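The values are calculated or read from the model by the stated rules, or taken from the named source; none is laboratory data. Everything quoted here is computed from the prediction, not taken from an experiment. Here the Cβ is made from the backbone with ideal geometry for all residues, glycine too, and neighbour counts use every protein chain on show. Surface accessibility is based on the protein's heavy atoms, side chains included, excluding ligands, DNA and RNA. Shrake-Rupley method; radii C 1.70, N 1.55, O 1.52, S 1.80 Å.
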Amino acid sequence: MLLRTGFELVYSFPQPTPVILLVNIHDSRAADIVIPDSLVTEPSIPVTSYRDAFGNQCKRALAPAGRLRLSTNGIVRDNGQPDERLFAAVQGSVEDLPEAVLVFLLGSRYCETDRLSETAWQLFSQVASGYSRVQAICDYVHNQVAFNYQNASPTRSALETLNERTGVCRDYAHLAIAFCRCMNIPARYCTGYLSDVGTPPPYAAGDFAAWLEAWIGGRWHTFDPRNNVPRVGRVLMARGRDASDVAIATTFGPNTLESFRVWTDEVPA
């Protein structure tokens, strides 16, 4: 299966403004890329690249005063299979975890493990450890939080999501990640594209998606508390502790986002 992925963002800047962008398909999918999702800027401006602490591709530029259009449009090959489920995966003890995953046990900007630990143990300590416990966490978050674009907030934390019972996909992910970490399960935030392949219409307007990966059975497994069913056509862009690590665009000055389009569409082979 081939997927066309891309976006168009149009900003207005009152003055020259530094920006950091995480807008490309993750290197873990490099072998699947048929047409590269190269970043295009209008007007054309110099763009440099670097890797952040999590290995994500980052772009760096100085946006000029005025309107700036950012876009990508690539094609990626996907196996067409839904997210894997492996309920036999077991939870390892903290002392045996690889050092590289320990950071994903810690609290972070949007995942307040210190304030959610007691609640997490009350809710999930009786659930069998391992994959089943992570799925129970996702089931709980999916059932307790109502999806509502109108209530989206860039500052809502996991605790606030639990209290307000509303949010968007990033809020579902933050709450589930926080609960996992409270239960000594490393969990990391993921952002990328998610197709509508295999789901019934009508389809919502395109957007970037957020989900999580939990370290169970010696490797990372994908979980999606927002949709809470295996999905086809999930294309990773970046991973981090939470949304603060993987913002699509970080701007260091005032600006206005004038328009926003995202697409993840199946195309003929």
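Assorted remarks:
- Within the span defined as the range 244-263, one or more residues are in contact with a Cys (Cβ under 9 Å, 6 or more places away or on another chain) and crowded, with 16+ Cβ neighbours inside 10 Å.
- Single match in Cys190, Cys180 (criterion: farther than 20 Å from Asp32 by Cβ, open to solvent by less than 40 Å² (accessible area, probe 1.4 Å), in contact (Cβ under 8 Å) with a residue 40 or more places away in the chain and out of contact with any Cys (no Cβ under 8 Å at 6 or more places or on another chain)): Cys180
- Filter result for Thr161 (free of Cβ contacts under 8 Å to residues at least 12 places away in the same chain and β-branched (Val, Ile, Thr)): no
- Residues satisfying the stated conditions in the range 221-236, i.e. assigned to a strand (DSSP E or B) and in contact with a helix residue (DSSP H, G or I) (Cβ under 9 Å, 6 or more places away or on another chain): His221, Phe223, Val235, Leu236
- The residues in the range 1-52 that are farther than 19 Å from Phe252 by Cβ and either touching a residue at least 24 places away in the same chain (Cβ under 8 Å) or surrounded by 13 or more Cβ atoms within 10 Å (Cβ to Cβ) (or both) can be counted, and the count is 24.
- Candidates are the residues of the range 137-173 that are surrounded by fewer than 21 Cβ atoms within 10 Å (Cβ to Cβ) and aromatic (Phe, Trp, Tyr); the one that is modelled with the highest pLDDT is Tyr140.
- Every residue from the range 53-82 that is open to solvent by 50 Å² or more (accessible area, probe 1.4 Å), under 20 Å from the mean Cα position of the chain (by Cα) and of a type in the set (Gly, Ala, Ser): Ala53
- Test: Gly233 is at positive phi, touching a residue at least 60 places away in the same chain (Cβ under 8 Å) and open to solvent by less than 50 Å² (accessible area, probe 1.4 Å): yes
- Looking at Gly107, Gly130, just one residue is open to solvent by less than 40 Å² (accessible area, probe 1.4 Å) and either under 20 Å from Trp220 (Cα atoms) or in contact (Cβ under 8 Å) with a residue 12 or more places away in the chain (or both), and that residue is Gly130.
- Test: residue in the range 183-206 that is assigned to a helix (DSSP H, G or I), out of contact with any Phe, Trp or Tyr (no Cβ under 6 Å at 6 or more places or on another chain) and at pLDDT 95 or above: no
- Residue count, the range 208-220 (criterion: more than 15 Å from Leu175 (Cα to Cα), crowded, with 17+ Cβ neighbours inside 10 Å and out of contact with any helix residue (DSSP H, G or I) (no Cβ under 7 Å at 6 or more places or on another chain)): 2
- Filter pass, Arg239 being closer than 28 Å to Ser93 by Cβ, open to solvent by 30 Å² or more (accessible area, probe 1.4 Å) and touching a residue at least 60 places away in the same chain (Cβ under 8 Å): yes
- Pair list, Cβ < 8 Å and 6+ apart or interchain, from the range 245-258 residues that are on the phi < 0 side of the Ramachandran plot to residues that are open to solvent by 80 Å² or more (accessible area, probe 1.4 Å) and assigned to a strand (DSSP E or B): Glu258/Arg67
- Test: Gly55 is within 23 Å of Asp242 (Cα to Cα), not aliphatic (A, V, I, L, M) and not in a strand (DSSP E or B): yes
- Each residue in the range 245-269 was checked for being part of a loop (DSSP other than H, G, I, E, B), closer than 24 Å to Phe13 by Cβ and aliphatic (A, V, I, L, M), and 3 pass.
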